[in-house]
Amino acid sequence: MRRSRTTLIGVSTLLAVTLTTAPSPANAQSAAEPHQVANLTIRQADGYATLAWQPVDDATDYQIERTPVDATNTPTGAPTIVGVWRPNRQINQQAPTFADAGFNPGDTFQWRVRARTGTTEQPYSDPVTAITTAPWGNPDTPGQQLRTQWETTHAAQYTSDTDEYAYTAAIDALSDRVRVVELGRTVQNRPINMLVIGHPSPPATPAAVAATAPVAINCNVHGNEPGDREACLIMARQLAFSTDPRITDLLSHTTVLIVPTINGDGRANNTRGNSTGQDLNRDYSLIRQPETAAYIRMVRDYRPVAGYDGHEFGNSRAGDLPMLPPRHQNVAQPIFDQSQDMIEGHMYAKGAEAGWWACPYGCEGGGNVGLSEETILRNTLGLKNVTNSLLELRSSGGQTRPDEGNTANNRRRKTYSALWTFHQFLDYHRTDLGDILNARTEAIEFQAANTGRLVFRGSRPIPAHPAPHPGDSPPPIDAPPADLILDNAPCAYKLTEAQYNGPRTDGPGGVGSTVAQRIAAHGWKVITTADGYYVPLNQPERGLIPLLLDGKGVEKLTDGERVYPTLTGRRNGPLVVTGFTCADDATINGPVTVRTGAALVTTGTTINGPVSATGAAGVVLADSTINGPVRVANTTDAVSIIDVTVAGPVDLSTNTTGTDTPLLAGNTIGGPLSCTANNPTPTNLGIANTVHGPRTNQCAAL
């Protein structure tokens, strides 16, 4: 799925059409002296200027000089080396570019570039002068005139929590495209808000948003890493009020979900963790804290298909924008591949055009970063079948941006590079949505089939990008140790009453939510029978479930009992299911009846006869074939039918499964599909069923 990308929608490359002034006139002269840079051009964008020039033979690197000037082109300050271009910045060595950032947007500057051969400085290019792009939004237009505290103080202050709430509330009030919803509260009772943005207006419910294949941006999980958050707040204003066709087209085809500050307590105190000291980016699977629980419930309900997660990185040698996909080895291959395609196929190529140095997280001596912990959001999202990436903003200017000892300049570069990334993310989703959805479908069907080994620690390798590549050092190998691999996956995990509903002490103040509440937040199917609580593995998040419920789990919730298939091979004659029955790689020649309070789970199984369940605790079928009709009625706990071929009709009626939504996704049905009086209404997770007959009532759109 990874592929080279030389062209995508042109309006997005530098946000130049939507959000920039026109390119400055180029210096079209050839080099007047040996080794002199020629053909320097400057193109303005939001918070940065892209410099491009003709490469000089034998150049080791290039220095970028910027001088503030007035309207008459008279210098008003000293010329300063603000950037160093090196060959490992980008994948296209024949068209060097540099995104100069750190200046006050709207000011006027003169730029020059010179090559260096070893340590020998060559002649500067002829100078080019340009006015930089002012902060986005007409100051005389309602809505567009809004500014964050970070903007109004010229990056001297970050936006406070109260100013964030006022700013987002004003966007909500002034734009029909925006609805601000509260996902939950922090430990110290600060609201965790999310902007839901669509055109001409956002869908009214989480389910309706989910139907638009939304994207989600998590802007600030570590409270002392606020650069991405400021970018999110600026982008929210742009999405809410821009009249540019690119923006309205994007928002007409999806819904954008922006969570500016999941860690409001940490941001208010400028601490990495929340008020309890918990690193929230080590809690997205365990969800011990209210902040992470709020985000995971959002993922369950709004079902984003793609995501970005904003951070800052302290390595001064790294690129501008280190990125990394979900690497955990339980992530389905299509999701890993699609995430890598977003990074290497899109971000590297577009970064080379814009002048930003995108690279793998850890590039240039990053050490043991980006490993396999399922608690990290990018891994948790990957295990939830979301194409996604972590974004790191290099915290200091480092060797390639020597002018960032100036705090405001450093903050501007970080924020505007994040703004560029998030807009590119939206463009990638717009152009590659078909591939994203196909990867998601393949991943869900693979997970539901419950095939292959389970790995409890271990990352997929990230090889160095083929030379020339934007980063000399890919993340380290993180091969799973043998004792953390389970080759023989169980059918389900069984929990006792104490494990499932018992009190927990791993939350704030020594009080944690129960395992039952956390499983519900993740959205997993649970079947209750007389002898315990069963969590089947043949469901969409199969790769995550064992990490929390298996005794091998490194960061687990409890030691669940592995339950292996009770029925394999061939069985001739009728099957009456009582208790919990798991069929795997089985052939059942006869009708199957699931009794009241019983449960049937199948994977890789063929049933030559009808399947009928009335009053069952659960019916969870995946990757199976049923040569006969299927009727499921009055089920109390779980209904899930994924990637099943049914030769006859399917009827789901009067199933009442509490907060657990019945799933009917990716099936091929050889007759009518009818769903009547189910509560909740069944969903297809965005994966359409093929139905050779009428679809009626609640399943008319599935």
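The values are calculated or read from the model by the stated rules, or taken from the named source; none is laboratory data. These numbers come from a predicted model, not from an experiment. Cβ: placed from backbone, ideal geometry, glycine included. Neighbour counts: every protein chain shown. Just the protein is used for accessible areas: all its heavy atoms, side chains included, with ligands, DNA and RNA removed. Shrake-Rupley method; radii C 1.70, N 1.55, O 1.52, S 1.80 Å.
Key figures
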item: Pair list, Cβ < 7 Å and 6+ apart or interchain, from segment 524-547 residues that are surrounded by fewer than 22 Cβ atoms within 10 Å (Cβ to Cβ) to residues that are basic (K, R) and not in a loop (DSSP other than H, G, I, E, B); result: G532/K494
item: Count - residues of segment 108-144 that are in contact with a Ser or Thr (Cβ under 6 Å, 6 or more places away or on another chain) and free of Cβ contacts under 8 Å to residues at least 60 places away in the same chain; result: 3
item: Residue within segment 226-245 that is buried (at least 22 other Cβ atoms within 10 Å of the Cβ), within 16 Å of P304 (Cβ to Cβ), at pLDDT 95 or above and not aliphatic (A, V, I, L, M) present; result: yes
item: Segment 25-44 - residue that is open to solvent by 20 Å² or more (accessible area, probe 1.4 Å) and under 40 Å from the mean Cα position of the chain (by Cα) and, of those, modelled with the lowest pLDDT; result: A26
item: Residue in segment 115-128 that is buried (at least 20 other Cβ atoms within 10 Å of the Cβ), closer than 26 Å to M347 by Cα and not aliphatic (A, V, I, L, M) present; result: no
item: Search result, residues across segment 327-365 that are more than 30 Å from D550 (Cβ to Cβ) and open to solvent by 20 Å² or more (accessible area, probe 1.4 Å); result: E353, G365
item: Subset of segment 630-640 (residues that are open to solvent by less than 10 Å² (accessible area, probe 1.4 Å) and without any contact (Cβ under 8 Å) to a residue 60 or more places away in the chain); result: V630, V632, A633, T635, V639
item: Answer residue from segment 175-220, given it is assigned to a strand (DSSP E or B) and of a type in the set (G, A, S) and is surrounded by the fewest Cβ atoms within 10 Å (Cβ to Cβ) among those; result: G184
item: Any hit, segment 385-401, residues being in a helix (DSSP H, G or I), more than 15 Å from H311 (Cβ to Cβ) and open to solvent by 40 Å² or more (accessible area, probe 1.4 Å); result: no
item: Test: residue in segment 420-429 that is closer than 16 Å to D337 by Cα, in a helix (DSSP H, G or I) and of a type outside the set (F, W, Y); result: yes
item: Residue check for V577: open to solvent by less than 20 Å² (accessible area, probe 1.4 Å), touching a Gly at 6+ places or on another chain (Cβ under 9 Å), modelled with pLDDT of 95 or more and of a type in the set (V, I, T); result: no
item: Residues located in segment 403-458, provided they are open to solvent by 30 Å² or more (accessible area, probe 1.4 Å), β-branched (V, I, T) and out of contact with any Gly (no Cβ under 9 Å at 6 or more places or on another chain); result: T407, T431
item: Options V196, V181: the member that is without any contact (Cβ under 8 Å) to a residue 24 or more places away in the chain and under 25 Å from the mean Cα position of the chain (by Cα); result: V181
item: Count of residues meeting criterion [among the small types (G, A, S) and in a strand (DSSP E or B)] in segment 83-141; result: 5
item: Exclusive hit being in a loop (DSSP other than H, G, I, E, B) and open to solvent by 20 Å² or more (accessible area, probe 1.4 Å), set T261, T276; result: T276
item: Single residue of segment 469-508 satisfying the filter (hydrophobic (A, V, I, L, M, F, W, C), touching a Lys or Arg at 6+ places or on another chain (Cβ under 9 Å) and not in a loop (DSSP other than H, G, I, E, B)) that is least open to solvent (accessible area, probe 1.4 Å); result: A492
item: Residue list for segment 279-298, restricted to those being outside any loop (DSSP other than H, G, I, E, B), open to solvent by less than 10 Å² (accessible area, probe 1.4 Å) and either in contact (Cβ under 8 Å) with a residue 60 or more places away in the chain or farther than 22 Å from L195 by Cβ (or both); result: N281, E291, A294, Y295, I296, M298
item: Residue check for P463: open to solvent by 50 Å² or more (accessible area, probe 1.4 Å), of a type outside the set (D, E) and touching a helix residue (DSSP H, G or I) at 6+ places or on another chain (Cβ under 9 Å); result: no
